[in-house]
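Here is the structure we will look at, set down as structure tokens.
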Amino acid sequence: MKFKAMTAVAALLVAAPMLGMADEEAELVVNGEIEMVTKTDAPAHLEGALPEIMSGWRFRSDETQQTQMDDFDNPGMIFVDQAQAVWDTAEGSEGKSCASCHNDVEAMEGVRAVYPKWNEEAGEVRTLAMQINDCRETQMGAEPWKYDGSDMTAMEALISVQSRGMPVNVAIDGPAQSVWEQGKEMYYTRYGQLELSCANCHEDNYGNMIRADHLSQGQINGFPVYRLKNTKLNSSHARFKGCIRDTRAETFSPGSPEFVALELYVASRGNGLSVEAPSVRN
Amino acid sequence: MMRWIAAAIVSGAPVLAAAETVAPADVTYDDYGSVEQSLTGTPGDAANGAAIVGNKKAGNCVACHQLDALSDVPFQGEIGPMLDGAGDRWSEAELRGIVANSKMTFEGSMMPSYYKTSGYIRPGDGFTGKAGSEPLPPLLDAQQIEDIVAFLVTLKE
């Protein structure tokens, strides 16, 4: 069976607020074999803030949910295939490919789950995108990719796929802690003329409708996500940028230190959910 | 991307103020957040107020509130209370205060302040994502707020 068939039945029994609305009780199994944790106890650092954490997948319509249940239906997988070819392609002055140093991409198993992550040598918290560009520049002698461009999101998706089903487990203590604190402060800051924080929408109101949008917890365990709306993979920083801009605020740039901090913090709110990328959203 | 809470129709240029218009910085709120004095001296137009409440590009109050009076407007939000009966629960002065700056009535409210122009964190230039400079144009102008208030007082159960 491709997915748990309870979905349809449950939708009829529960007083569904709107037609085609998300079934927040559905379970996600990809390709009939990867069982995703889309709802679990909140990590200790969220005590008092959230009782349980839920993947954005739970808040999407039945149709969008299904698109993510099988790789043949998931348009995001096309980009994963493209990145697989790039993985093996030599580029830059050193004539190296990703595979020259890392062999099979399967070696990336577990990586997505722990990023963003403190890099001791560089003395900084690194996102996966930063690490990819560091490899390109330092190891391959190649040009860095645009931080949230399509080459980058595809490579991030390929690397994420190697960790699908594994629990997100980013470290928030030790040298990463001050960056994490910065991200946390941002999460609760009411930016812009609408004076709205991430928490206003994604902590206080998840499950509620805001106009035509069903608010999720704003988790990033499924990123990069394929959006049916713009038919490409989207990075978490692009999403952050859109959400802050829509509070009528001056936003931050993808790859900025502020968004790196916010990514670390938001990722940590999903500690315990499965790595899902590439997820599908409307 | 989403634009949950719409842009005011006011353009960048400040609306030419009629003689009696109270500027955003000069509005007097009492201890409970009410505003006694009309912002314009011109009686509000309830029908126009209803249009602003339901219009995505104006007040877009329905992004967060449901109300039966506008049942023809699709996709009403669930963030704030139902507005049905608001005219029974609140006086005209209280409603004016809630719409102009809800935070004076409900401390820490998620509801945006529609007649406030400064004191923001990283204020933007509308929905461009670029920096804006304070004072910003208010989300709604004084007469739009009077029109909304005139509509809200009609919401009786």
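The values are calculated or read from the model by the stated rules, or taken from the named source; none is laboratory data. Every value quoted in this text rests on a predicted model; they were computed, and no experiment measured them. Glycine gets a Cβ as well: all are built from the backbone with ideal geometry, and neighbour counts include every protein chain shown. To get the accessible areas, we keep the full protein, side chains included, count just its heavy atoms, and leave off ligands, DNA and RNA. Shrake-Rupley method; radii C 1.70, N 1.55, O 1.52, S 1.80 Å.
When B:GLY119, B:GLY129, B:GLY97 are checked against the criterion of being assigned to a loop (DSSP other than H, G, I, E, B) and touching a residue at least 12 places away in the same chain (Cβ under 8 Å), B:GLY119 stands alone in meeting it. Name the single residue that is nearest to A:HIS202 (Cα to Cα) among those in the range A:239-249 being at the interface with another protein chain (Cβ under 9 Å from one of its Cβ atoms) and assigned to a helix (DSSP H, G or I). Among those residues, the one meeting the criterion is A:CYS243. From the list B:ALA46, B:ALA18, the lone residue that is modelled with pLDDT under 90, more than 14 Å from chain A (Cβ to nearest Cβ) and open to solvent by 20 Å² or more (accessible area, probe 1.4 Å) is B:ALA18. Right, A:GLY207: on the phi > 0 side of the Ramachandran plot, open to solvent by 30 Å² or more (accessible area, probe 1.4 Å), of a type outside the set (D, E, K, R) and touching a strand residue (DSSP E or B) at 6+ places or on another chain (Cβ under 8 Å) or not? No; evaluated as a whole, the condition is false for this residue.
Looking only at residues in the range B:21-35 that are outside any loop (DSSP other than H, G, I, E, B) and open to solvent by 80 Å² or more (accessible area, probe 1.4 Å), the one that is farthest from B:SER118 (Cα to Cα) is B:ASP26. Scanning the range A:210-232 for any residue that is outside any helix (DSSP H, G or I), at negative phi, open to solvent by less than 30 Å² (accessible area, probe 1.4 Å) and acidic (Asp, Glu) turns up nothing. A:GLN177 meets all of the listed conditions (1) closer than 25 Å to A:ALA44 by Cα; (2) surrounded by fewer than 20 Cβ atoms within 10 Å (Cβ to Cβ); (3) touching a residue at least 40 places away in the same chain (Cβ under 8 Å) but one, namely (3). For A:ALA157, the test of being within 14 Å of another protein chain (Cβ to nearest Cβ), open to solvent by less than 10 Å² (accessible area, probe 1.4 Å) and not in a loop (DSSP other than H, G, I, E, B) is failed. Residues in the range A:180-188 include at least one that is within 14 Å of chain B (Cβ to nearest Cβ) and assigned to a loop (DSSP other than H, G, I, E, B). Every condition in (1) over 13 Å from the mean Cα position of the chain (by Cα); (2) more than 9 Å from chain A (Cβ to nearest Cβ); (3) open to solvent by 60 Å² or more (accessible area, probe 1.4 Å) holds for B:SER38 except the one numbered (3). Restricted to the range A:203-226, and to residues there that are touching a residue at least 12 places away in the same chain (Cβ under 8 Å) and facing another protein chain (nearest Cβ under 10 Å), the residue that is nearest to A:GLY192 (Cα to Cα) is A:LEU215. Just one of the numbered conditions (1) farther than 23 Å from A:VAL225 by Cα; (2) buried (at least 19 other Cβ atoms within 10 Å of the Cβ); (3) among the aliphatic types (A, V, I, L, M) is not true of A:ALA99: (2).
This table checks each residue for (1) among the hydrophobic types (A, V, I, L, M, F, W, C); (2) within 23 Å of B:LYS57 (Cβ to Cβ); (3) open to solvent by 20 Å² or more (accessible area, probe 1.4 Å).
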{"position": "B:ASP88", "(1), (2), (3)": "no, no, yes"}
{"position": "B:ARG96", "(1), (2), (3)": "no, yes, no"}
{"position": "B:MET104", "(1), (2), (3)": "yes, no, yes"}
{"position": "B:MET111", "(1), (2), (3)": "yes, yes, yes"}
{"position": "B:LYS130", "(1), (2), (3)": "no, yes, yes"}
{"position": "B:ALA142", "(1), (2), (3)": "yes, yes, no"}
{"position": "B:ASP147", "(1), (2), (3)": "no, yes, no"}
{"position": "B:VAL153", "(1), (2), (3)": "yes, no, yes"}
{"position": "B:GLU157", "(1), (2), (3)": "no, no, yes"}
